[in-house]
Amino acid sequence: MNLEDIKKVAVIGAGTMGNGIVHVFAQTGYQVNMIDISADALEAAKAKIAANMDRQIKREKLTEADKESSLNRITTFTDTVEGVKGVDLVVEAATENVDLKLKIFKQLDEVCEEKTILATNTSSISITKIAAVTKRPEKVIGMHFMNPVPVMKLVEVINGYATEKAVTDLTVALSKHLGKVPCVVEDYPGFIANRILMPMINEAILSLQEGVAGVEEIDTIMKLGMAHPMGPLQLADFIGLDTCLSILNVLYEGYGNPKYAPSTLLVNMVAAGHLGVKTGKGFYSYTAGSKELVVSDRFKK
């Protein structure tokens, strides 16, 4: 399959990452089937995509006509079997849960056409493990977009043990066609992005846990001292503390090295349901419509 052979794409999952991936494909001219088990989630995702396109229009990066044509290229499905009919590529963007992903890929392998490439947006789970539940491991690849997808340029392209070079080359070409910058890496726990990022976030949480500094101080030091656009604790809230914990557990179990062990504070916050932006409370408190960053009461001195 060549780049020009990819005409129709399916994206599984209508959450933050899924709707961002749909946005980018539709805006680039692809017919996109957005699949989710929840009809409400699909409606919310389409509204989110439209709102994000409105922001692009305000910044003069998109026209009203572009927005309308892009939205018209998106079709929603609650039935996976129907949603993947005739597609050339599937990008799975479901919750970062290994059992769920294995179940999805087993089904995709059974119902997708033989030509269809199966990609996963996983941020840490082994591509080789996912590919092993299919009969087409050579056509399974990681396509890890960054959040927010319409804005961030990077796509981490991850080879599984059996991924064919032609599939890798096509994924790289496709990423470039989407206006992204692909970086090819191999299938080791956390790949590159999260193997480096998550220990840094965990170290910031450990520093807070041990009372070395407060939330604002830690984030300010990393922003002003290291030129990070967002401090590690705010970034953890943005990613989702449950996702951070899941990735750290993948690293810890995958390498068997205690340096990847998640901090007790992170474990406790996830157990308490304080997951960051998506629950309104993490290291910071988040009020709907407010852009002010306020440290959560739990961490105020």
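Separation of region 62-80 from region 219-294 is 33 Å, based on Cα centroids. A DSSP coil position with no more than 14 other Cβ atoms inside 10 Å describes the following GluC sites (Glu not before Pro) in region 167-215: E210. Using the Cβ atoms and a cut-off under 13 Å, what net charge is assigned to the surroundings of G211, where Lys and Arg are +1 and Asp and Glu are -1? Result for the neighbourhood of G211: -1. Taking only Cα atoms and a 10 Å spring cutoff, compute GNM fluctuations for the chain and point out the largest among V181, V84, V157. It is V181.
Please report, in debye to the nearest 20, how large the charge dipole of the chain is about its Cα centre when each Lys and Arg carries +1 at its beta carbon and each Asp and Glu carries -1 there.
Values: 32 positive and 36 negative charges, 81 e Å.
It works out to roughly 400 debye.
May I ask you to sort S290, S285 by Cβ crowding, counting other Cβ atoms within 10 Å and putting the fewest first? Numbers along the way, then the final one.
Working: S290 9, S285 19.
In order of increasing Cβ crowding within 10 Å: S290, S285.
Computed from backbone phi with θ = phi - 60° and the Karplus coefficients 6.51, -1.76 and 1.60, the 3J(HN,Hα) list for region 119-136 is 10, 10, 8, 3, 9, 7, 6, 4, 5, 4, 5, 5, 5, 5, 8, 10, 9, 9 Hz; x is used for glycine and proline. Once you sort the root eigenvalues of the Cα gyration tensor of region 110-177 as a ≥ b ≥ c, which label holds: rounded (a/c under 1.5), prolate (a/b larger than b/c) or oblate (the other case)? Prolate. Near P232: Cβ cut-off under 9 Å, other residues only, Lys/Arg at +1 and Asp/Glu at -1. The net charge is -2.
Based on alpha-carbon atoms only, what is the radius of gyration of region 7-123 relative to the globular estimate 2.2 N^0.38 Å?
Details: Rg = 14.0 Å, N = 117, 2.2 N^0.38 = 13.4 Å.
Computed over Cα atoms of region 7-123, the ratio equals 1.04.
Footprinting exposure proxy ranking of L265, L275, fewest other C-beta atoms within 10 angstrom first, gives L265, L275.
DSSP assigns beta bridges within the chain; of those with both partners inside it, close to 25 percent run antiparallel. Put the Cα centre of region 20-39 next to the Cα centre of region 169-218 and the gap is 25 Å. Taken over region 194-299, the alpha-carbon convex hull comes to 97 cubic angstrom per residue. For region 1-66, the set of GluC sites (Glu not before Pro) satisfying both a DSSP loop assignment and a count of at most 14 other C-beta atoms within 10 Å is given as E60.
Please compute the contact order of region 1-139 in relative form: average sequence separation of alpha-carbon pairs under 8 Å and at least six residues apart, divided by the residue count, as a percent.
Numbers: 219 pairs, mean separation 37.6, N = 139.
Once normalised by length, the contact order is 27 percent.
Fewest-first ordering of H144, H23, H274, H228 by other beta carbons within 10 Å of each residue's beta carbon gives H228, H274, H144, H23.
Measuring nothing but how far apart in sequence close Cα pairs (under 8 Å, 6+ apart) lie, relative to its length, region 207-301 scores a relative contact order of 24 percent. Of the options [x] 16.9; [y] 23.8; [z] 15.6, only one is mean projected area of the Cα convex hull in nm² as computed from these coordinates, and that is [z]. Which residue, K46, K278, K58, tops the fluctuation ranking in a GNM of the chain built on C-alpha contacts under 10 Å? Maximum fluctuation in the GNM of the chain, among the listed residues, is at K58.
Just so you know, all these numbers are worked out from the coordinates, no wet-lab data involved. Only a predicted model underlies this, so the values are computations on that prediction, with no experimental measurement involved. Virtual Cβ from ideal backbone geometry, glycine too; neighbours counted across all protein chains shown.
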